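The structure under discussion appears below in the form of structure tokens.
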């Protein structure tokens with residue numbers, strides 16, 4: 001894809017702010033609405049670009065069904081065609097100034113709990129609409145300087161009960177049912193959330209059915225998760241109840257995970273109140 005700043009009708013490009021999977025993201029002004037947006041651009045250059053087109057269309061379709069402060073909004077999807085074929089997609093999205101959980105500074109235990117409570121609340125809002133995110137990971141959680149969060153990248157989202165045609169997910173955070181192509185449920189997001197929280201607490205990854213990519217490609221799929229230490233066994237200062245939330249979320253069998261995100265939020269609240277006391281009471285949006 002060309003690296004020069006594009007000239008896009010109805011938008012003024014301010015600067016390049018990121019690069020996604022076969023796409024580029026710009027800070028831009030929508031001249032029709034006056035709104036400052038994040039504008040994702042993807043150009044069809046090879047057959048494999050069709051996947052990013054599909055994911056951008058999914059993200060737009062899913063985001064338009066949601067309205068929650070912790071979920072990034074999408075405003076417009078613009079298709080450019082040549083000879084009856086879509087050759088470029090532009091997705092206008094809510095601009096949220098922040099760093100990803102992966103790229104941001106280290107967080108205290110209390111801040112980790114506050115961040116993941118917000119993430120769980122955003123996911124709970126999706127589940128209430130019958131939708132699953134399917135790709136929660138450190139890169140898909142943005143955190144502002146003020147401590148607010150935004151869940152991004154809804155391109156792999158789907159309806160509850162979906163069986164996907166191919167394996168989709170991020171190897172270090174993917175749930176077993178995603179790898180085995182079984183029904184996707186709200187508990188799929190729980191596994192992704194727990195695996196991400198495990199990384200945030202320990203700096204290590206939960207073993208999944210698709211181990212991390214090596215120089216020679218993916219290693220062979222494992223039949224079961226290998227044994228691994230709970231967070232409080234990695235670092236003694238992590239409370240056991242917090243550690244147990246994580247371990248319950250990453251159970252191999254979805255039926256053994258918590259019943260819903262509301263249960264996870266309630267358990268996080270207990271730990272948060274222990275750390276922050278009454279300052280936390282009645283703070284923030286409720287699930």
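When restricted to residues that are modelled with pLDDT under 95 and in a loop (DSSP other than H, G, I, E, B), segment 16-31 contains 2.
Scanning segment 134-154 for residues that are on the phi < 0 side of the Ramachandran plot and touching a strand residue (DSSP E or B) at 6+ places or on another chain (Cβ under 7 Å) gives 138, 139, 140, 141, 142, 143, 149, 150, 151, 152. Of the candidates 38, 46, 42, the single residue that is out of contact with any helix residue (DSSP H, G or I) (no Cβ under 9 Å at 6 or more places or on another chain) and in a strand (DSSP E or B) is 38. Of the residues in segment 57-76, at least one is exposed (fewer than 14 other Cβ atoms within 10 Å of the Cβ) and under 15 Å from residue 151 (Cβ atoms).
Of the residues making up segment 89-119, those that are in a loop (DSSP other than H, G, I, E, B) and either touching a residue at least 60 places away in the same chain (Cβ under 8 Å) or surrounded by 23 or more Cβ atoms within 10 Å (Cβ to Cβ) (or both) number 3. If you go through segment 37-65 one residue at a time, how many are more than 15 Å from residue 91 (Cβ to Cβ) and either in contact (Cβ under 8 Å) with a residue 40 or more places away in the chain or touching a strand residue (DSSP E or B) at 6+ places or on another chain (Cβ under 9 Å) (or both)? Of the residues in that region, 2 qualify.
Scanning segment 155-190 for residues that are within 15 Å of residue 124 (Cβ to Cβ) and either crowded, with 20+ Cβ neighbours inside 10 Å or out of contact with any strand residue (DSSP E or B) (no Cβ under 8 Å at 6 or more places or on another chain) (or both) yields a count of 6.
Being assigned by TED's automatic domain parsing to the domain that holds residue 15 and touching a helix residue (DSSP H, G or I) at 6+ places or on another chain (Cβ under 7 Å) is true of residue 77. Within segment 219-235, is even one residue within 28 Å of residue 103 (Cβ to Cβ), in contact with a strand residue (DSSP E or B) (Cβ under 8 Å, 6 or more places away or on another chain) and either at pLDDT 95 or above or not assigned by TED's automatic domain parsing to the domain that holds residue 247 (or both)? The answer is no, given that none of the residues of segment 219-235 is within 28 Å of residue 103 (Cβ to Cβ), in contact with a strand residue (DSSP E or B) (Cβ under 8 Å, 6 or more places away or on another chain) and either at pLDDT 95 or above or not assigned by TED's automatic domain parsing to the domain that holds residue 247 (or both).
Scanning segment 149-196 for residues that are assigned to a loop (DSSP other than H, G, I, E, B) and in contact (Cβ under 8 Å) with a residue 60 or more places away in the chain gives 152, 153, 154, 155, 156, 157, 175, 185.
The values are calculated or read from the model by the stated rules, or taken from the named source; none is laboratory data. Predicted model only: the values in this text are computed from it and were never measured. Positions of Cβ are backbone-derived with ideal geometry, glycine not excepted, and every protein chain shown enters the neighbour counts.
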